[in-house]
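Structure first, then comments.
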Amino acid sequence: MFNTKIQKMSESNLDKVMQIENACFTGEVWTKESFKQDIVNAEHRLCFVLIEKTTVIGYAVLDILDEEYDLLKIAIDISKRRQGFATILFNYIKANAKIQGINKISLLVRQSNTEAKNLYIKLGFKEIALRKHAYPDGEHGIFMCTNV
Ligand SMILES: CC(C)(COP(=O)(O)OP(=O)(O)OC[C@H]1O[C@@H](n2cnc3c(N)ncnc32)[C@H](O)[C@@H]1OP(=O)(O)O)[C@@H](O)C(=O)NCCC(=O)NCCS
C-alpha cells in the first residue's frame, strides 16, 4: 500500500531528521550532535528511520534495557501525519523487539500530548503511572507500557 521502508538511522539521514525534530519539538529538541552519539552508542540505543520513496518522513529512538525497550522518541513529518506512518514504524519496532527477546515496551508521554497518547492507546499501551513534574518545564508525564 505504502512505498515505505524502515532502516537503521545513519548520519546521512540527519539533515532530514533534524528538520522533523525542529518542527515537532519545542524546548526539548535534540541536537545533530546528540543524534550522532545515539547512533554511535548503538549497543544500548536503537534509531530507526521511516523512508517513503527516498525521503525520510519519520524516525524513532529507543533505549534497550534488560528485557525491555524504552521508546524515547517517535516523530512523523507534519505533512505525513494521520496516514498510519507512526503505526507502521511502531509495528516494525515491536516485531524487532520480539525477535530480540524483548517482552515489554515502555515510554513517558507529556500529559498534554493528546495525539501521542491516542496513538499509544491505539497501539495497545496502558497507562501505568503519573510521573509528576517529569519534564524540565514541570509538566507531568504519563508512564505507559505494552507487552510485546
Ligand atoms: C504522535 C505522532 C508520532 C503520530 O504520528 P501519525 O503518523 O500521525 O500517527 P498514525 O497516523 O499512525 O495514527 C494512529 C492513531 O494515533 C492517534 N492520533 C494520531 N494523530 C492524532 C491527532 N492529531 N489527534 C488525535 N489522535 C491522533 C489516532 O488514534 C490515530 O488513529 P486514527 O487515525 O485511526 O484515528 C505525530 O503526531 C508526531 O510526530 N507528533 C509530534 C512528535 C510527538 O509528539 N511524538 C510523541 C512523543 S515523543
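Within region 17-34, restricting attention to residues that are charged (D, E, K, R) and within 14 Å of the ligand (Cβ to nearest atom), which residue is surrounded by the most Cβ atoms within 10 Å (Cβ to Cβ)? Top of the filtered list is Glu21.
Being within 16 Å of Phe85 (Cα to Cα), touching a residue at least 40 places away in the same chain (Cβ under 8 Å) and not in a helix (DSSP H, G or I), is that true of even one residue in region 34-48? For region 34-48, residues within 16 Å of Phe85 (Cα to Cα), touching a residue at least 40 places away in the same chain (Cβ under 8 Å) and not in a helix (DSSP H, G or I): present.
Total residues in region 62-84 satisfying the condition of being of a type outside the set (D, E, K, R), more than 9 Å from the ligand (Cβ to nearest atom) and under 20 Å from Trp30 (Cα atoms): the figure is 3.
Among the residues of region 1-30, those identified as in contact with a helix residue (DSSP H, G or I) (Cβ under 8 Å, 6 or more places away or on another chain) and either of a type in the set (S, T, N, Q) or assigned to a loop (DSSP other than H, G, I, E, B) (or both) are Phe2, Thr4, Met9, Ser10, Val29, Trp30.
Hey, does region 51-62 have a residue that's in contact with a Ser or Thr (Cβ under 7 Å, 6 or more places away or on another chain), modelled with pLDDT of 95 or more and on the phi < 0 side of the Ramachandran plot?
Yes, the conditions are met somewhere in region 51-62.
Within region 40-47, can one find any residue that is at pLDDT below 95, among the polar types (S, T, N, Q) and more than 9 Å from the ligand (Cβ to nearest atom)?
Restricting attention to region 40-47, the residues satisfying the condition of being at pLDDT below 95 are 40-47.
Those left that are additionally among the polar types (S, T, N, Q): 41.
Now drop any that are not more than 9 Å from the ligand (Cβ to nearest atom), which leaves 41.
Checked against the condition, which is being at pLDDT below 95, among the polar types (S, T, N, Q) and more than 9 Å from the ligand (Cβ to nearest atom), region 40-47 yields at least one hit.
Of the residues making up region 51-81, those that are closer than 22 Å to Asp15 by Cα and outside any strand (DSSP E or B) are Lys53, Thr54, Asp77, Ile78, Ser79, Lys80, Arg81.
When you go through Ile121, Ile142, Ile76, Ile105 one by one, which is the residue that is crowded, with 17+ Cβ neighbours inside 10 Å, without any contact (Cβ under 8 Å) to a residue 40 or more places away in the chain and closer than 24 Å to Ile20 by Cα? Working first, answer last.
Working: Ile121 fails: crowded, with 17+ Cβ neighbours inside 10 Å; Ile76 fails: without any contact (Cβ under 8 Å) to a residue 40 or more places away in the chain; Ile105 fails: without any contact (Cβ under 8 Å) to a residue 40 or more places away in the chain.
Exactly one of Ile121, Ile142, Ile76, Ile105 is crowded, with 17+ Cβ neighbours inside 10 Å, without any contact (Cβ under 8 Å) to a residue 40 or more places away in the chain and closer than 24 Å to Ile20 by Cα, namely Ile142.
Condition first: of a type in the set (A, V, I, L, M), closer than 13 Å to Phe90 by Cβ and touching a helix residue (DSSP H, G or I) at 6+ places or on another chain (Cβ under 6 Å). Now tell me which residues in region 41-60 satisfy that.
Listed by number, the residues that qualify are Leu50, Ala60.
Has region 35-42 got any residue that is surrounded by 20 or more Cβ atoms within 10 Å (Cβ to Cβ), under 15 Å from the mean Cα position of the chain (by Cα) and over 22 Å from Tyr120 (Cβ atoms)? Within region 35-42, one or more residues are surrounded by 20 or more Cβ atoms within 10 Å (Cβ to Cβ), under 15 Å from the mean Cα position of the chain (by Cα) and over 22 Å from Tyr120 (Cβ atoms).
Mind checking which residues of region 85-139 are of a type in the set (Gly, Ala, Ser), within 17 Å of Ala60 (Cβ to Cβ) and either near the ligand (Cβ under 8 Å from one of its atoms) or not in a loop (DSSP other than H, G, I, E, B) (or both)? Let's see the steps before the verdict.
So the first thing to find is which residues in region 85-139 are of a type in the set (Gly, Ala, Ser), and the list is 86, 95, 97, 101, 106, 112, 116, 124, 129, 134, 138.
With within 17 Å of Ala60 (Cβ to Cβ) added as a condition, the list becomes 86, 95, 97, 106, 116, 124.
Ala86, Ala95, Ala97, Ser106, Ala116, listed by residue number.
The values are calculated or read from the model by the stated rules, or taken from the named source; none is laboratory data. A quick note: this is a predicted structure, and the numbers were derived from the prediction, not measured. Virtual Cβ from ideal backbone geometry, glycine too; neighbours counted across all protein chains shown.
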